[in-house]
1. Compute the Cα gyration tensor for the chain, then decide on rounded, prolate or oblate, letting a ≥ b ≥ c be the square roots of its eigenvalues: rounded whenever a/c is under 1.5, prolate when a/b is larger than b/c in the other cases, and oblate in all that remain.
2. Accessible area of the chain with a 1.4 Å probe: how many percent of it is carbon plus sulfur?
3. For the stretch 47-52, take each phi angle, set θ = phi - 60°, evaluate the Karplus expression 6.51 cos²θ - 1.76 cosθ + 1.60, and give the result in whole Hz per residue in order, putting x for glycine and proline.
4. If each DSSP helix of 4+ residues adds -39,500 (n - 2.57) and the sum is divided by the residues in the chain, what number results at 222 nm, nearest 500 deg cm²/dmol?
5. Over the stretch 1-50, with the other protein chains present, what is the accessible area per residue in square angstrom, probe 1.4 angstrom?
6. Going highest first, how would you order 20-26, 8-14 by mean Cβ packing within 10 Å?
7. With Cβ to Cβ distances under 15 Å as the rule, what net charge do the other residues near Lys70 carry (K, R +1; D, E -1)?
Amino acid sequence: MTTTTITVSGMTCGHCVASVTEEIGALSGVTDVAVDLNAGGDSPVTITSTADLDDADIRAAVDEAGYEVK
């Protein structure tokens, strides 16, 4: 298991968290996504996976949800 923490900007509510969690959770190998929502600011997102994840794949998933990786 590996753990990766990223910072996502633009999330303001539970719906935002759900969108980001769904997109990242769909990546191959991801077993858990935990968001510590800092409404209106930058929020840490911890991703647990069975293997190392590619940064570009994580960024693409967050972009797809409509937010930005800092």
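The values are calculated or read from the model by the stated rules, or taken from the named source; none is laboratory data. In this text, all values refer to a predicted model and were calculated from it rather than measured experimentally. Positions of Cβ are backbone-derived with ideal geometry, glycine not excepted, and every protein chain shown enters the neighbour counts. Heads up: the accessible areas ignore ligands, DNA and RNA and are worked out on the full protein's heavy atoms, side chains in. Shrake-Rupley method; radii C 1.70, N 1.55, O 1.52, S 1.80 Å.
1. Since a/c reaches 1.5 and a/b is larger than b/c, the shape of the chain is classed as prolate.
2. Answer for the chain is 45 percent, counting heavy atoms of protein chains only.
3. Karplus values, whole Hz, x for Gly and Pro: 10, 10, 9, 7, 8, 4.
4. Taking each H run of at least 4 residues, the total per residue is -10000 deg cm²/dmol.
5. 50
6. My ranking of the peptides, most packed first, is 20-26, 8-14.
7. It works out to a net charge of -4.
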